[in-house]
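Some notes on the structure that comes next.
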Amino acid sequence: MSTNDALPKTLPPGQRRLREHVLNHYGRVPARSADVWRLTVDGATQDGAVHSLRLADVHALPRTTVDADLHCVGGWSVTDLEWEGASTRDLLDLVPPADEVTHVLAVAEYGYSATVRLDDLASPRSMLAWRLGGAALTAEHGWPLRLVVPHLFGYKNVKWLRGLHYHSDAQRGFWESRGYHVGGDVWRGERYSYQE
Ligand SMILES: Nc1nc2c(c(=O)[nH]1)N[C@H]1C(S)=C(S)[C@@H](COP(=O)(O)O)O[C@H]1N2
Ligand SMILES: [Mo]
């Protein structure tokens, strides 16, 4: 048993702990060079404009580190991941949403997507991560940019993030269109759409 296993840890109900961080995603791992990568922030932005950010623009935001557990709605959790990147709060300050915005659709390379409530995106531990465990994020775990919202299930933690679309209602993403909850809060047990 490693020392880590001896640490008490409260997992959300229905979750079991994995010793290693496994991979879990739909489709292929994208291979896009960081030079041509852009993060598009659009929809109901406060200024009505479409914002296209380069990786350098995202990296220029204040740096933050968040220690978090990752909870897949399938029932496994990996604990104590150290993410580094920028706070989504700072991104929301850089590109403010219009007043009517309630949800943000996070879109990945190849069309994977997940809806996130604006309040969850604005929560202090939510971030745009490009480092994990003291090293650059690997392609498999989401390079060049991954959305990390620790209190939401894994399916909201979009790897290979390419777009944030501001909406005044919940636009269902990949798993939310396949029976999973629009909210996805792990501590409230928001797993399936029938619970909404
Ligand atoms: N782009 C993309 N991001 C994704 C997924 C996916 O299929 N595509 N799967 C999600 C799910 S369901 C989980 S549990 C986590 C798993 O993250 P990991 O592969 O780093 O363990 O990624 C999430 N992010
Ligand atoms: Mo998952």
Subject >> the stretch 159-180 residues that are at positive phi, paired with ones that are open to solvent by 60 Å² or more (accessible area, probe 1.4 Å) and aromatic (F, W, Y) (beta carbon under 7 Å, 6 or more apart) >> reply: G179/Y192
**OP:** Please enumerate the residues belonging to the stretch 155-196 that are open to solvent by less than 20 Å² (accessible area, probe 1.4 Å), closer than 15 Å to P13 by Cα and not in a loop (DSSP other than H, G, I, E, B).
**Re:** D185
**OP:** Of all residues in the stretch 9-45, count the ones that are more than 16 Å from ligand 2 (Cβ to nearest atom) and over 18 Å from L161 (Cβ atoms).
**Re:** 5
**OP:** Return the residue satisfying two criteria in turn: it lies in the stretch 34-45 and is over 17 Å from L147 (Cβ atoms) and modelled with pLDDT of 95 or more, and of such residues it is most open to solvent (accessible area, probe 1.4 Å).
**Re:** A44
**OP:** Determine whether A31 is touching a Pro at 6+ places or on another chain (Cβ under 9 Å) and either assigned to a loop (DSSP other than H, G, I, E, B) or surrounded by 11 or more Cβ atoms within 10 Å (Cβ to Cβ) (or both).
**Re:** no
**OP:** Scan the stretch 34-50 residue by residue and report those that are part of a loop (DSSP other than H, G, I, E, B) and touching a Phe, Trp or Tyr at 6+ places or on another chain (Cβ under 6 Å).
**Re:** A44
**OP:** State all residues of the stretch 67-91 that are more than 10 Å from ligand 2 (Cβ to nearest atom), assigned to a strand (DSSP E or B) and open to solvent by 10 Å² or more (accessible area, probe 1.4 Å); if no residue qualifies, say none.
**Re:** D67, D69, T79, D80, L81, E82, E84, S87
Original post:
Does G48 fit the bill of being of a type in the set (G, A, S), within 16 Å of ligand 2 (Cβ to nearest atom) and open to solvent by 30 Å² or more (accessible area, probe 1.4 Å)?
Top reply: no
Subject >> Lone unmet requirement of (1) within 12 Å of ligand 1 (Cβ to nearest atom); (2) open to solvent by 20 Å² or more (accessible area, probe 1.4 Å); (3) of a type outside the set (D, E, K, R) for H103 >> reply: (1)
**OP:** Take the stretch 51-60 and flag every residue that is outside any helix (DSSP H, G or I) and open to solvent by 20 Å² or more (accessible area, probe 1.4 Å).
**Re:** H51, S52, R54, A60
Original post:
Would you say L105 is in contact (Cβ under 8 Å) with a residue 60 or more places away in the chain, more than 24 Å from V22 (Cβ to Cβ) and touching a strand residue (DSSP E or B) at 6+ places or on another chain (Cβ under 7 Å)?
Top reply: yes
**OP:** Kindly list the number of the only condition in (1) away from ligand 1 (no atom under 14 Å from the Cβ); (2) closer than 27 Å to A135 by Cα that fails for N24.
**Re:** (1)
Original post:
Which of the residues that make up the stretch 106-133 are open to solvent by less than 10 Å² (accessible area, probe 1.4 Å), closer than 11 Å to V149 by Cβ and of a type outside the set (V, I, T)?
Top reply: A106, A114, L121, S126, M127, L128, A129
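The values are calculated or read from the model by the stated rules, or taken from the named source; none is laboratory data. Remember, it's a predicted structure, so these values are computed and weren't measured experimentally. In this analysis, Cβ positions are derived from the backbone assuming ideal geometry, glycine residues included, and neighbour counts consider all displayed protein chains. SASA here: full protein model, heavy atoms, side chains in, ligands and nucleic acids out. Shrake-Rupley method; radii C 1.70, N 1.55, O 1.52, S 1.80 Å.
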